[in-house]
Structures are given as C-alpha cells and as structure tokens.
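All remarks here apply to the structure that follows.
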Amino acid sequence: MAEPGRRAVATGEEAAMACHVEGEKYDADVAIIGAGPVGTLLAILLGRQGRKVTLIERWTTHYALPRAVTYDHEIARILATLGIDSENDPAISFHDELYYWKNKDRQNLQIVDWQSQSASGWRVRYWFNQPMMEKRLLDIAATIPGITLMRGWQGIGLAQDDTGVTLSLQRNPEEAGPNGEARTLRSRFLAGTDGANSFVREALGIENEDKGYFFDWLILDMIPGFDYVASRGDEPAQWQLCDPARPTTIVPGGPGPVPGGPARRRWEFMVLPGESAHEMQKPERAWELLAPWGLTPENSEFERSAVYRFQARWAKQWNKGRCLIGGDAAHLMPPFAGEGMCAGIRDAVAMAWRLNGILDGTFGLGVLDSYTTERIEHAKHYINFSQELGQIICIADEAVARDRDARMIADLAARRGAPVPSDICQLGRGAWCVESPHAGELSVQGIVEIAGRRGRFDQVVGQGWVLLGRAQDPISSLTPEQRDQFAQIGGIAVRLGNGAGQVRDVEGTIGRWLDRIAAEFVLIRPDFYVALAAATPEILQARFARIIWELHLSQPAPLAAE
C-alpha cells in the first residue's frame, strides 16, 4: 500500500513560522470562539496537524451538566480517529433496539431504525454523557502543544481583511465585572462555534432562515438508583409517548456516574398551552411528572432540570471571508432525530480539512465556499426530518391526535412495520462529483487486513484523501500530473487484494459495495464522504480533475471531458 505525499505533523518551529506571513505576525493560525464539543474537536483536528490554535471560552469552568445525550454512527467513526472507541468506553453506551413512537394506548405510530449496524462500520445509535465526553476532548486538546485555551473571555468585536482576522476580546463581565481586562488577537482564520446566540454570526451580519417552529419542553436528566430499563418489563429503552395529555420523550442518558452502576435516563415533557415554564421547572412539579415512571426522591436524584425551546433554523451563510461558523451557531433543530450535536461534529471535521489544506498551502481560499454549500443542505435534511418527527408528537389536541393515530397506524401497517432508516443523507453541491454513484454520501467501511494488522478500514489504512482501487492499481490509473496532485493533497493509495502491499477485504464488505455501485475506483475524502466513484481509468481521470478543481489546488490540471 503506497502513501505518496503523506505529510508529517509540523514541528513546533514550523508551527511558529506558520503564524508569520509576509512579515505579519499572528497570534494564531485559527482562533475558535466556543469550547464546547464542536470547537474543541476542531481545535484538536487543527492542532494535530501542527497548527497554532487559540480556543476561547467565555466561562471559566467546564459546564458539568448534561445537554446532548446521543450520537450516530458517523460521529462514532469520527471519534475513533481520536482513539475513542464507542463500543468500549465508560462514557458511552448503546441499546440494540428500534426507536418507537407510540400513541396513548401504546400502539406503534412510527418506528425508526436505531438498531442496525450502519454501512459505515458502527452502530446506528449511541448514548453518552456530554460532560464526560467533553472532558475527554479537552484532555486530548491539552496534550497538543499548539492549542491554547483561554477561559473567561468573550468576543466583543471582529474585523477581517485579506490576510487575517482581528478579534477584540474582553473578560466575561458576568465573572470579571464590567471593567474586565481587554485584549486583541490576530489570527489567519476565525471559527465561531459559540452557540445559538453566536457573537461571530451576529458580528458577520449573517441572517438565519427560521422555519417558525417553537415548542417549549421540560428536560429532566435523572440518575435512578436502580436499573430503570429492567424495571419496566417490555417497555422500550428509547421511545416517544405521543399522548396529547402530555407528549413525553423517554430515552437513555448515557452511563451512570458509577462504573457498572445504574445508567442515566432522560425525560422530556412538552409544556402544554397555558402552562408556565417557570412552574414546570419547580422540583415538586417535576417529581409529579416522574411519579408514573417509578421515580421518586427516595430512589432517584436530579442531575438537571431546564425548560428548552425547540427550534428549527439555519444560518443562510456559513463562511464569510476568513470566518466560518458551525454547531448551534449555524443551525438548530428539534431533538427528536438525535442529530443536533452530530451536525456540529460534522461541521468541525468539514472545517478542519479545508483549513488544514489552506494553511499548508495546498488549497485556495475558494474551497471554503463548498463548506457552506455542502453543510447547509446536509443539516437541512436533518432539521426537516427532526421537524417531521416533532409534528408527530407535539400535538396536544385529542381530535387531532386521533386523526394522526388512524393515519399513521394505517401507514405503518401498509409497510408491514418496516422501520424508517435514519442514516442516509447526501451533502449539498461541493467537492464531490454529482455524476458518481454514492458520491456525496458516507463511504462504506468494512474490516480489512494488511501486513498482519486487522481492523476497521479507517484505523488500518488511515484518514485523508484515500484512493481505493480494485482490479487495477489506482495510482497508475491517474495521469502523471494527477499523480503529482494526489501527492500534493497527501493522498493514500489503496488496492484491494491478497498480494503483497495490498489490503485484504476480510468480510467482502467493500467489494460488495463496489459491485453495488458498479465502481472499480473510489476517492474517499478526509471526512469519509465519497468524492467520486469510477468504473474505468478514463472516468477516474476526468472526475479526479473536477475534484482538484473544486479544491482550488495551487496548480490544478485543466478539466477533461468524460
């Protein structure tokens, strides 16, 4: 297996030099505002490539209460690149069950597939404790010399020009008082992962597209003192009760605080018309709502109680000049599909490979435009899916609920109870070939082996621009100029087979995928999405030229016709 053009991580001296361009001094290659999971992951992905990163967080201490509780197979795949194994980690759990939506009589209205093993090599759904996960990410970031974490600071102004961004910072007045210290920071790029009320988004003048979806829900994160799932008999571990008297979400909350002990659980209760959000948050009201589920002050404890407004919106633009936004700064969605944080993690990976490519001189600034076009459409898919699921449950009128029940029970029977898949989604237009089968979607991952090492493809082969070939050598199937370009982007060439230097497809997973899409070659991007698929060297060459063009490579080849 050849790895032409594979780059090593920059040394400390090289990283320092990266912050000097034409005599201008920079405090950081990339400044990131917001040190939640999205911003911290972005910092890690940049810092591991030798970038100098300043991660800015307005709060002085880590927020130790749950927010997100679930993620999907794609996020498991991303976390695996950091050494976090979702199958064997104390902060992560899974339930091999479908995701049920039931009416007040416990009849199934909808079933979502959260049980399958995904084509990308991981389970469709995992459950986790966000504070534990965030601490893991922060611990990883702390081991990377190029990452500086500034706690207790917030952005109050920004200005950008052709070569960088000047950020005005102030000590958080909620913690340091109104006359807190101020400073400026100069970086080559700025990423705003600073939440729904994003300073960066507002400073850039980026507007939101709002779907006008607003529902208040009480979120209760609980630590039962017993095995809740076992105590409930045949009741699912993860489900929605679509009872107009009180629409309710009942799902896992990740592992418990004691290893091997009872797991966390989450309940979400819709605030009904005429009810007070303030009254709903009172402990006595929360215990009343939990009583039918077997939780009492004697056998369980509160971890968090809060009323959240579920919304559906996205920013109209995610990059502007040298600034980008991601996570809740770029999109908000109802939680019913469990995809809110997942979308933010995808944002971090999509920003990282583009910024790394620009900072090492491989890509032009124009590659940032595809970040917006690809990610907006992908996020909109999950926003719309989440809203559709929300329209099932957010019904408080008995007559409307009866009509819904009759329609959905009939629809479910018509498809013989088959669950709805939740793991297929395509990127918006960008750095991938629309003519290619499976392009713009996640690549399939199987178990492979080379030189006695066996495991998932990503862990055995590596992450980057991976050109996979089957009957023919993928490198020799490119033109000489394209081989140089492939080396320039740090490409990894892989040929399936049983010969020396070839990668053995242990279970035949990848071979069956290539058969299904009638491809002999596939180019996989650093975010694991398929850039192109081709059946012949000639088609490979034409489509590879288009990808290079989309990447704004410093010396692209002219486009060729297929």
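The values are calculated or read from the model by the stated rules, or taken from the named source; none is laboratory data. Just so it is clear, the structure is predicted and the values come from calculations on it, not from any experiment. Positions of Cβ are generated from backbone atoms using ideal geometry, with glycine treated the same way; all protein chains shown enter the neighbour counts. What goes into the accessible areas is simple: the full protein's heavy atoms, side chains included, and nothing from ligands, DNA or RNA. Shrake-Rupley method; radii C 1.70, N 1.55, O 1.52, S 1.80 Å.
Determine the order of Asp360, Asp484 by accessible area, beginning with the largest, at a probe radius of 1.4 Å.
Asp484, Asp360
Along Cα→Cβ, 7 Å out, is where each label goes; now give me the distance between the ones at Leu272 and Val434 in nm to one decimal.
Computed distance between label sites Leu272 and Val434 equals 4.9 nm.
How much space per residue, in cubic angstrom, does the convex hull of the C-alpha atoms of segment 160-299 take up?
In segment 160-299, the Cα hull volume divided by residue count equals 229 Å³.
Which of the three applies to the chain, rounded, prolate or oblate, going by the alpha-carbon gyration tensor with a ≥ b ≥ c and a/c under 1.5 meaning rounded?
It is oblate, given that a/c is not under 1.5 and a/b is not larger than b/c.
Starting from the 7 Å offset along Cα-to-Cβ, what nm value, one decimal, do you get for the label separation of Arg304 and Glu97?
In this crude label model, Arg304 to Glu97 measures out at 2.2 nm.
Roll a 1.4 angstrom probe over the protein heavy atoms and tell me the percent of accessible area of segment 44-145 that is carbon or sulfur.
51
Which of the pairs Lys52/Lys135; Lys104/Lys282; Lys102/Lys316; Lys102/Lys282; Lys52/Lys211 have their Cα atoms more than 30 Å apart in this structure?
Beyond 30 Å: Lys102/Lys316; Lys52/Lys211.
So if R0 is 41 Å, what FRET efficiency would Gln317 and Glu481 give, r being the distance between their Cβ atoms, rounded to the nearest 0.05?
0.75
Using just the helices of the chain, give the 222 nm mean residue ellipticity in deg cm²/dmol: DSSP H runs with n ≥ 4 each add -39,500 (n - 2.57), and the total is spread over all residues, rounded to 500.
Helix contribution divided over all residues of the chain: -8500 deg cm²/dmol.
Once you sort the root eigenvalues of the Cα gyration tensor of segment 379-435 as a ≥ b ≥ c, which label holds: rounded (a/c under 1.5), prolate (a/b larger than b/c) or oblate (the other case)?
Because a/c hits 1.5 or more and a/b fails to exceed b/c, segment 379-435 counts as oblate.
Just to verify a number: FRET efficiency for Phe214 and Leu65, C-beta to C-beta distance, R0 = 25 Å, to 0.05?
It comes out at approximately 0.60.
Using a probe of 1.4 angstrom, how much of the accessible area of segment 331-471 is carbon and sulfur, in percent?
C and S atoms contribute 53 percent here.
Hey, got the dipole for segment 95-251? About the Cα centre, +1 on K and R Cβ, -1 on D and E Cβ, debye to the nearest 20?
260
Quick check on segment 294-354: take the gyration tensor over C-alpha atoms, sort the square-rooted eigenvalues as a ≥ b ≥ c, and tell me if it's rounded (a/c under 1.5), prolate or oblate.
Since a/c reaches 1.5 and a/b is larger than b/c, the shape of segment 294-354 is classed as prolate.
Multiplying the sequence separation of Val258 and Ala500 by 0.36 nm and subtracting their Cα-Cα distance, what value in nm do you get?
So the extension gain works out to 82.3 nm.
What do you reckon, how do Lys316, Lys211, Lys25, Lys380 stack up by accessible area (1.4 Å probe), largest on top?
Lys25, Lys316, Lys211, Lys380
What does the accessible area of Met270 come to, in Å² to the nearest 10, when a probe of 1.4 Å is used?
That residue has around 10 Å² of solvent-accessible surface.
Kindly provide the GluC sites (Glu not before Pro) of segment 425-512 that DSSP labels as loop, not H, G, I, E or B, and whose Cβ sees at most 12 other Cβ atoms within 10 Å.
Hits after loop and neighbour filter: Glu507.
Residue separation times 0.36 nm, minus the C-alpha to C-alpha distance between Arg151 and Ala535: what's the value?
Extra length from Arg151 to Ala535 when fully extended: 133.1 nm.
Cα-based Rg (one decimal) and Dmax (whole number) for segment 23-111, in Å?
19.2, 71
Report the longest stretch of the chain that contains none of the chymotrypsin sites (Phe, Trp or Tyr not before Pro) sitting in a DSSP loop with at most 15 other Cβ atoms within 10 Å.
Longest run free of exposed loop sites: 227-562.
Give me the 1.4 Å probe accessible area per residue for the chain, excluding ligands and nucleic acids, in Å².
The answer is 40 Å² per residue.
Each label point is 7 Å from the Cα along the Cα-to-Cβ direction; what then is the distance between the points at Glu284 and Arg512, in nm?
So the two model labels end up 5.9 nm from each other.
Suppose a student asked you for the relative contact order of the chain, using Cα pairs under 8 Å spaced at least 6 residues apart; what percent would you report?
This gives 16 percent for the chain.
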